[in-house]
Every structure is written in C-alpha cells, then in structure tokens.
Amino acid sequence: MNDNKLSPSTEAFTGLTLDPQEILPSFTQAANWQERYRALMLLGKRLPPLAEALRQESAQVRGCESNAWLYHREIDGRHYYLADSDARIVKGLIALLLTAVQGQDKKTIAALDLHEYFDRLGLSGQLSPSRTNGVLALAEAIKAAAVESSKR
Amino acid sequence: MEFSQLRSQFPALTQSLGDYPLVYLDTAATSQKPQGVIDAMSRYYQADNANVHRAAHQLSARATSQYEAVRDKVKAFINADRREEIIFTHGTTEGINLVALGLASQLKAGDLILLDSAAHHANIVPWQMLAKQTGAEIVPIPLTDEARLDQDAYRQLLARKPSVVALCHVSNVLGTVNPVKEMIAQAKAVGALTLIDGAQAIAHLEVDMQALDCDFYLFSGHKMYGPTGIGILYGRYEALDKLDPLLTGGEMIKQVSFEGTTFNILPNRLEAGTPPIAEVIGLGAAIDFIQSLPREAVRAHEQALLKRLQAKLKQLGGISLYGAHDDNVGAVAFNLSGEHHQDVGILLDQQGIAVRCGHHCAMPLMQTLGLAGCCRASLGVYSTDEDIDRFIQALKSVKELLL
Ligand SMILES: Cc1ncc(COP(=O)(O)O)c(C=O)c1O
C-alpha cells in the first residue's frame with residue numbers, strides 16, 4: 001500500500017498517539033448510543049486530515065461507501081498508521097481501530113480480536129461484513145499491513 | 001379504506017430494533033411481503049412441489065397449472081395482448097440483459113441507443129455491452145435543471161433516428177416520473193424500439209401495455225410486495241419473437257441433436273432451465289394483494305404520504321432535496337447539508353429508521369447532480385404518517401448530533 005511515491009513523514013506517523021486508557025472509557029461508560037456516537041465523532045477529530053495530495057487512489061481502501069485512505073509505516077518493529085475518511089463516523093471508527101494498533105508490534109496486532117473489541121465498546125454492529133461502512137475492510141487492511149510489511 | 005390496518009398483514013414491519021420500532025423507508029430497494037405471499041409460497045412447497053411442464057404425474061400437473069395461471073394473471077394485470085408476451089425472469093436486471101443482448105443481431109455499427117440519464121445501472125450497462133458487441137453508439141438524454149428528462153433535447157436526438165430508446169418509468173433515486181407514454185409515441189414515430197424499466201413504477205402506478213404501447217416493459221416481483229428471484233419481461237409479441245435467446249437449455253428447446261437444435265416457441269423460448277416456481281406463485285399472490293386494494297385510494301394515500309415527507313423535510317431546514325416534485329412517486333432523495341450521507345444513514349439506523357444511503361446504482365445521475373451520494377427515503381402502501389413523523393424526529397436528532 002505504500003509503494004506510492006507520496007507518503008506522510010515519519011514524524012506524522014509517530015506524532016499520532018492514541019491512548020486506549022484515556023479513550024476507551026467514553027465508549028464503555030457511554031449511557032446511550034448518542035453519547036457513544038458523539039464520542040466516536042470527537043475521537044475522529046484526533047486523526048489529522050490527510051493533505052489533498054495524500055488522498056490518492058493508491059491509498060484508498062476498497063469496500064467503503066465513503067472514501068477512506070490508509071497509510072502504514074513500520075519503525076523499529078512497531079507499526080504506525082495514518083488514516084482519513086470523508087465521513088465522520090467512519091473516521092471515528094477508524095480512529096478506534098488505530099487506538100488498538102498504533103505503535104504495537106506485529107504479533108500483538110495479528111492476535112487482536114477486533115470483533116470482540118468493538119462488541120466491548122458497544123459498537124458490535126459496525127464491524128459486520130454485511131455493512132457498507134467499510135470498517136471491516138479497513139480492519140483487514142490494517143492487520144494485513146502489519147503482517148505483510150514484516151515479511152519483507 | 002383504513003391503510004393503517006394493512007400493516008398487520010406484513011409480519012416484518014411489527015418488529016423493534018433495540019429501543020426503537022422499525023420504520024421501514026426502503027421499499028424502493030425491496031418491499032416487505034404480506035402474509036398472503038409468504039403463505040402461498042410455503043403452501044406450494046408443502047403441498048404441490050414439483051417441476052413444471054415435465055413430468056406426467058399429478059403433482060407436476062398441479063404445479064404447472066398454478067405456475068401458468070400466474071402468467072395469465074400478469075397478462076391481465078398489465079393489460080398485455082397475449083400470454084406469450086409475459087416472460088418470467090429473475091428480475092428487472094436479467095430482463096434488460098435478455099433484451100439488450102438479444103438484440104445483438106438486429107443492431108449494427110453506428111446505430112444509436114438513447115438512454116435515460118437518471119437510469120439505474122441495470123438499464124445502462126447491458127446497453128454498453130450491446131454497443132461494444134455491435135459498434136452501436138450510446139447517447140444519454142440530458143436532464144433539465146429540475147432533474148427531469150429534457151424533452152427538447154430528446155426531440156433533437158430523435159431526429160437522428162435512434163434504433164433503441166430505453167427509459168425508466170420512475171427514477172429509483174429521485175422518484176421522478178417520466179412522461180413515458182408521449183416519449184414512446186415519439187420514439188415509435190421514428191422507428192425506434194422502446195424499452196421501459198418499470199421496476200419503481202409497478203407497485204405504485206397503473207401500468208397498461210395497450211396504453212403505453214412500448215416494445216418491452218420490465219419489473220421485479222420483490223419491489224411489488226412479492227418475492228425476490230422473480231421478475232417479468234413483457235414484450236410485444238413480434239419484438240419478443242425476434243430476440244436471440246440469452247440462455248439455452250431446458251424447456252426453451254424443441255429438438256436437439258448433435259447436428260443442430262431448434263428452439264421452442266414463446267414464452268418458453270426465452271425461459272431456459274427450471275424456473276423459480278415458488279417465486280412465480282408468490283408473485284401471483286402479490287398481484288392478488290395489490291388488486292385487493294382500491295387503486296385510486298392507494299394512489300391518493302401514497303401521494304399524501306410523499307407530500308408530507310417532502311414538506312416535513314423542507315420544514316426541517318438544512319436539508320437539500322433533489323428533483324422533488326409534486327408528481328413524484330414513492331421516493332425522496334436528500335442530503336443533510338454539509339454532512340456525509342453515510343453518517344446520516346448510520347445515525348438513522350441507530351434509531352430504527354431504514355433508509356438507503358449511497359449512489360443507488362445510478363452513478364451517472366450522481367455525477368450530473370454533483371453528488372458523491374445521497375439518502376433516499378421510500379414508501380410503500382403500508383407506510384404511515386407515523387413512520388414519516390418518526391423519521392423526521394430521528395433526523396432532527398441526527399442534526400443535533402452532527403452539529
Ligand atoms: C429503476 C430500477 N431498475 C432496475 C433495478 C434492478 O432490479 P433487480 O435488482 O430486481 O433486478 C432496480 C432495483 O434496484 C431499479 O430501481
């Protein structure tokens with residue numbers, strides 16, 4: 001996925017930190033779906049928008065009704081991601097995915113049960129293959145990036 | 001007629017999604033099915049199941065007579081001339097493919113095919129395949145600023161003597177109604193074959209083949225309270241008889257030897273393989289359902305609902321409506337200004353509201369409107385004022401959440 005010439009800087013990758021301990025309680029403790037989706041959209045705002053030049057086709061993840069772009073880089077055995085979407089809830093869902101993987105090693109990422117993770121956060125429906133939101137495709141792309149890059 | 005009582009005939013409509021009662025506003029994608037349709041299909045499987053036309057036994061005879069009776073029912077329903085003009089397909093998409101590809105030997109390079117700019121992909125892509133095969137040229141009939149087919153431009157295009165004019169009766173995205181009767185007459189006057197995609201019209205409008213006088217008309221059972229997997233291709237006998245069969249094998253054949261094969265006569269000639277028998281019977285029950293309702297009252301009820309839906313969306317503010325006219329049928333296309341249609345769809349779904357959000361298999365129309373996509377709320381005979389009010393209330397909550 002990163003064979004394209006244009007790619008975000010290393011600082012951009014490592015600059016994105018998402019602390020699960022701080023982020024996840026707003027989901028596990030949400031009183032209703034409204035709070036949960038508000039938290040999702042707030043979280044999405046933490047992903048810096050990708051510059052227009054980086055919203056290129058080679059970085060696009062297929063299977064999304066909205067547009068979504070994903071970049072990955074491995075630095076010292078740790079995996080970093082940057083992503084963006086033109087839909088706010090999808091962007092929030094991507095940010096949640098990244099919360100689980102950002103800065104982790106390949107083994108941790110490969111072992112993640114993302115369905116269980118979303119269930120626990122009260123968002124079970126959203127990772128279903130029957131949805132057109134594309135989050136499953138993104139989850140698979142995120143895992144694949146970690147697994148494949150380390151093979152090289 | 002008390003329309004709210006109709007709902008009890010539709011078991012799927014009585015459910016709740018979490019804390020919210022289901023508000024089904026996706027009838028244009030597929031309608032819900034009344035108990036009568038469900039029962040007719042399970043009765044067939046429980047009592048009569050057999051292949052049609054083939055065996056010498058009583059079960060097959062019963063299945064065949066029920067199956068063929070539906071052909072007569074469809075013929076009467078759309079006022080066709082002959083029962084042989086009714087071809088069972090799997091749906092509108094298959095039917096258009098059958099016609100477009102079946103015309104291959106009748107078209108040649110440079111022939112013109114006029115298409116509806118608001119068409120569903122099913123009424124675009126088969127023609128592109130035909131154009132590729134024959135060298136024919138496709139020209140879309142442009143839309144006016146009001147998202148209606150531009151009739152002046154259409155007349156100018158007709159001067160180029162097209163071979164085929166393919167239109168939709170009602171747009172699946174916008175709900176706009178094309179003046180198909182006039183457009184067909186004009187097309188015939190220049191010698192064009194005419195095809196009308198009636199997928200979104202058949203449940204809502206009276207459809208009369210004698211009045212329309214088109215060569216081909218298509219619809220799907222599942223959008224008219226019937227099952228999936230069954231559709232109708234109506235063809236004027238002479239036009240239908242000239243189509244090359246798309247699929248071969250089974251009852252469509254008269255005689256086969258390794259030296260050569262002769263085909264059966266219509267309607268069998270265009271119905272290869274074992275047909276979807278239970279679905280045909282389900283379609284018959286769906287027609288019974290539609291005919292059990294007073295046509296005029298249904299039309300008035302659905303128009304009142306659509307008017308309410310359009311008006312309440314306008315009142316809500318911050319909503320863009322697309323091609324929303326008084327004479328539309330069945331559907332409203334909209335966006336919440338500045339918001340992605342998918343976000344709106346996800347948040348409506350959280351509240352039990354089923355609408356469709358996306359490009360609606362009409363990407364050229366989306367491009368014309370300058371949209372990545374939109375939301376569509378669509379209605380059926382079982383829809384109620386309460387559905388619309390719940391939907392509007394839910395959309396208010398979506399607005400608040402997204403602000
Ligand atoms: C206008 C129109 N044409 C064609 C189709 C395709 O129908 P089907 O999927 O039943 O073949 C649809 C349904 O989505 C439609 O709305």
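Odds and ends about this structure:
- With all protein chains in place and a 1.4 Å probe, the accessible surface of chain A carries 49 percent carbon and sulfur.
- With a Förster radius of 45 Å applied to the C-beta separation of B:N49 and B:S320, the computed FRET efficiency comes to 0.35.
- Probe 1.4 Å - accessible area at A:C64, Å² to nearest ten: 30
- Lys pairs, segment A:10-151 - Cα-Cα below 24 angstrom, 8 or more residues apart or on other chains: 9
- Accessible area that becomes buried as B packs against A, both chains, 1.4 Å probe, Å², nearest 100: 1500
- Å² per residue, accessible surface of the protein assembly as shown at 1.4 Å: 42
- Hydrophobic long helices, here whole DSSP H runs in chain A with Kyte-Doolittle means of at least 0.5 and Cα atoms spread over 18 Å or more along the helix axis, are found at A:88-101, A:135-149.
- Percent of C-alpha pairs per 10 Å bin, the protein assembly as shown, short to long: 3, 16, 23, 22, 19, 12, 5, 0
- Spatially proximal lysines relative to B:K161 (Cα-Cα < 21 Å; intrachain offsets below 8 disregarded): B:K108, B:K132, B:K181, B:K188, B:K242
- The charge dipole of the protein assembly as shown, taken about its Cα centre with unit charges on the Cβ of Lys, Arg, Asp and Glu (plus for the first two, minus for the last two), comes to roughly 420 debye.
- Helix-derived mean residue ellipticity, 222 nm - over the protein assembly as shown, DSSP H n ≥ 4, -39500 (n - 2.57), to 500: -11500 deg cm²/dmol
- Within 10 Å of each Cβ in B:344-355, the average number of Cβ atoms from other chains: 3
- Using a probe radius of 1.4 angstrom, the carbon and sulfur fraction of the accessible surface of segment B:38-291 is 51%.
- Normalised by residue count, segment A:10-151 yields a Cα convex hull volume of 105 Å³ per residue.
- Largest-first ordering by accessible area, 1.4 Å probe, given options B:M41, B:M363, B:M1: B:M1, B:M363, B:M41
- Euclidean distance between Cα centres, segment B:322-355 to segment B:239-275, Å: 44
- Amide H partners (placed H, <5 Å) of B:L371, local residues excluded: none
- Over segment B:235-294, relative contact order from alpha-carbon pairs under 8 Å, at least 6 apart, %: 28
- Take A:E140: with every protein chain present and a 1.4 Å probe, its accessible area is about 110 Å².
- Amide H contacts for B:I253 (H built 1.01 Å from N in the peptide plane; partners 5 or more residues away or on another chain; cut-off under 5 Å): B:N264.
- Taking segment B:38-291 and dividing mean pair separation by its residue count, relative contact order in percent (alpha carbons under 8 Å, at least six apart): 24
- Whole-Hz Karplus values for segment B:179-196 come out as x, 5, 4, 5, 5, 5, 4, 5, 5, 5, 4, 9, x, 7, 7, 10, 10, 10 Hz, taken residue by residue from phi with 6.51 cos²θ - 1.76 cosθ + 1.60 and θ = phi - 60°; glycine and proline positions read x.
- Scaling against 2.2 N^0.38 Å puts the C-alpha radius of gyration of segment A:1-86 at 1.23.
- In this simple spin-label model, placing a label point 7 Å from the Cα along the Cα-to-Cβ direction at both B:D72 and A:L6 gives a separation of 6.7 nm.
- Hydrodynamic radius by Kirkwood, which averages 1/r over all alpha carbon pairs of chain B, in angstrom: 22.2
- For segment A:14-60, accessible area lost to neighbouring protein chains reaches 30 Å² or more, against the chain alone with a 1.4 Å probe, at A:W33, A:Y37, A:R38, A:M41.
- To the nearest 10, the accessible area of B:L321 is 40 Å² with a 1.4 Å probe.
The values are calculated or read from the model by the stated rules, or taken from the named source; none is laboratory data. Since this is a predicted model, take the numbers as computed values, not measurements. In this analysis, Cβ positions are derived from the backbone assuming ideal geometry, glycine residues included, and neighbour counts consider all displayed protein chains. Note: areas computed on protein heavy atoms with side chains; ligands, DNA, RNA excluded. Shrake-Rupley method; radii C 1.70, N 1.55, O 1.52, S 1.80 Å.
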